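A quick write-up on the structure given underneath.
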Amino acid sequence: MSENTDKSFSERYLSLLDISRELSSTLNLDALLHQIVTAAADLTDSMAASIMLYDENNDELYFHSSTNLDARVMRGLVVPVDSSIAGTILLERRPVIAMNVAEDPRHFEEIGKTTNYQVESLLGVPMLTKDKVVGVLEVINKVKGVFDKDDENLLSALGSQAAIAIENSRLFQQSDLIAEMVHELRTPLASIQTAAHLITRPEISQKQRTNMAETIQKETHRLTEMATSFLDLARLESGRTQFAFDEIDLHEVLKESTELMESRIAAEGLSLKWNLADASLEFIADPDKLKQVAINLISNAIKYNRPKGKVIIGSADKGENVSFYVQDTGRGMLPEHVEMLFSKFFRVPGSEKLAGGTGLGLSISKKIVEGHGGQIKVESVVGEGTTFTVTLPKKQ
Ligand SMILES: Nc1ncnc2c1ncn2[C@@H]1O[C@H](COP(=O)(O)OP(=O)(O)OP(=O)(O)O)[C@@H](O)[C@H]1O
Ligand SMILES: [Mg+2]
């Protein structure tokens, strides 16, 4: 909420200049969008502010950030372009002030229902760069009085600054991500190229030929996995992933994830132990996304374990949170490697000899857990093993 009630227009304009300066120095998209919504609510003396980004490919607006609306529930929620106030702002590229929002036929009720938040008055502006609309910035419920022309002008100016900052951050993020991806593609491509070249040579034996065909298969499989994981991560990083929150049973998710891995556990000669809480743990989360996290942790516990080792899966009720852990008796990791663990493409040196992998599994898992408002922690002792613990809030 704002403290700007009694500030003059020029004072507010000066604080807009400060904000613009701050925005242009932030390249992290999440942090940037958070700064924008906070500034928007503050500048216009509103109860809340939110940002919807425009997805050109699907012609959709989707919620990304908000101040005191529940960001996690909102995030990724699609707002129909053809039947919402935000859609009108987007299509007509002009600000809209709406009092009595509940009675406005364009008001998109789903948002109110999802958040239990009563929207009374609303001011929205397009976020425009020179040649395109990046999204819509809205402020909701003016604390005192009604939204006026000054609010509209200030918010429009902030909207344009925000659009440029968002574009910059996306370009930076994309070039960063693409540069890393291209770098990672080089190794499998080089192996395929070499094997494909050698396989045609008359002097090599049938056995060598088979080896080379296997290398080509293995490396193409790896490229496919990289493409899928990379896309997952790019979607999560840009906020384009929509979480399907539902009431779920944690133990069911853990059991289903483990079932998919049982044959691998047996094939590696490992034993599986359960240490689940007595009562079932029901809470709100996206079951498929959570399964993706569990599967990656279990798969790591299998891949980096020692022969005849153990995989232990446990859970606990923590009051407002639930937690689960996946523990292994593997080789463990040095503190400096643990520190790097959630960086994109990071693999502990020597991992490729133990098992295949893209080094993206944990980055994706972390993003998913954080998208639920939770945390993922790791404890590791070299030569003894590693435990990953995920803590998630029960409510979204
Ligand atoms: N339980 C573990 N024990 C020891 N090292 C681990 C463990 N989990 C992860 N690591 C190390 O961290 C790296 C990153 O893990 P991550 O899950 O992100 O990628 P990956 O398993 O290599 O690939 P992917 O998950 O895409 O198959 C692994 O390559 C491995 O070196
Ligand atoms: Mg993994």
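The values are calculated or read from the model by the stated rules, or taken from the named source; none is laboratory data. The structure displayed is predicted, hence computed values, not measured ones. In this analysis, Cβ positions are derived from the backbone assuming ideal geometry, glycine residues included, and neighbour counts consider all displayed protein chains. Side chains are part of the model used for accessible areas, which takes the heavy atoms of the whole protein and leaves out ligands, DNA and RNA. Shrake-Rupley method; radii C 1.70, N 1.55, O 1.52, S 1.80 Å.
Tabulated results
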read-out	value
Residue, nearest to the chain's Cα centre (by Cα), within the range 234-243, restricted to residues that are assigned to a helix (DSSP H, G or I) and crowded, with 16+ Cβ neighbours inside 10 Å	236
Yes/no for residue 361 being more than 23 Å from residue 282 (Cα to Cα), within 15 Å of ligand 2 (Cβ to nearest atom) and touching a residue at least 60 places away in the same chain (Cβ under 8 Å)	yes
Candidates 18, 70 - the one that is at pLDDT below 90, in contact with a Phe, Trp or Tyr (Cβ under 9 Å, 6 or more places away or on another chain), surrounded by fewer than 16 Cβ atoms within 10 Å (Cβ to Cβ) and among the charged types (D, E, K, R)	70
Residue list for the range 116-133, restricted to those being crowded, with 24+ Cβ neighbours inside 10 Å and touching a residue at least 40 places away in the same chain (Cβ under 8 Å)	123, 127
Residue within the range 318-333 that is open to solvent by 50 Å² or more (accessible area, probe 1.4 Å) and within 15 Å of ligand 2 (Cβ to nearest atom) present	yes
Out of 152, 180, sole residue that is open to solvent by less than 70 Å² (accessible area, probe 1.4 Å), more than 25 Å from residue 28 (Cα to Cα) and not aromatic (Phe, Trp, Tyr)	152
Test: residue 264 is out of contact with any strand residue (DSSP E or B) (no Cβ under 6 Å at 6 or more places or on another chain), under 19 Å from residue 361 (Cβ atoms) and in contact (Cβ under 8 Å) with a residue 12 or more places away in the chain	yes
Residue check for residue 208: without any contact (Cβ under 8 Å) to a residue 24 or more places away in the chain and away from ligand 1 (no atom under 16 Å from the Cβ)	yes
Those residues of the range 328-346 which are without any contact (Cβ under 8 Å) to a residue 24 or more places away in the chain and of a type in the set (S, T, N, Q), in sequence order	343
Filter result for residue 162 (over 23 Å from residue 226 (Cβ atoms), open to solvent by less than 20 Å² (accessible area, probe 1.4 Å) and not acidic (Asp, Glu))	yes
Hits in the range 190-213 - residues which are in a helix (DSSP H, G or I) and surrounded by fewer than 13 Cβ atoms within 10 Å (Cβ to Cβ)	190, 193, 197, 206, 207, 210
Failed criterion for residue 231 (all others in (1) under 19 Å from residue 364 (Cα atoms); (2) surrounded by 15 or more Cβ atoms within 10 Å (Cβ to Cβ) hold)	(2)
Condition check for residue 277: buried (at least 16 other Cβ atoms within 10 Å of the Cβ), of a type in the set (Gly, Ala, Ser) and either over 26 Å from the mean Cα position of the chain (by Cα) or within 16 Å of ligand 2 (Cβ to nearest atom) (or both)	yes
Residue 216 being assigned to a helix (DSSP H, G or I) and surrounded by 14 or more Cβ atoms within 10 Å (Cβ to Cβ)	yes
Hits in the range 139-188 (condition: outside any loop (DSSP other than H, G, I, E, B) and at positive phi)	141
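So that you can scan it fast, the table gives a plain yes or no per residue for (1) more than 22 Å from residue 380 (Cα to Cα); (2) within 16 Å of ligand 2 (Cβ to nearest atom); (3) in contact with a His (Cβ under 6 Å, 6 or more places away or on another chain):
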site: 267; (1), (2), (3): yes, no, no
site: 271; (1), (2), (3): no, no, no
site: 281; (1), (2), (3): yes, no, no
site: 289; (1), (2), (3): yes, yes, no
site: 293; (1), (2), (3): no, yes, no
site: 297; (1), (2), (3): no, yes, no
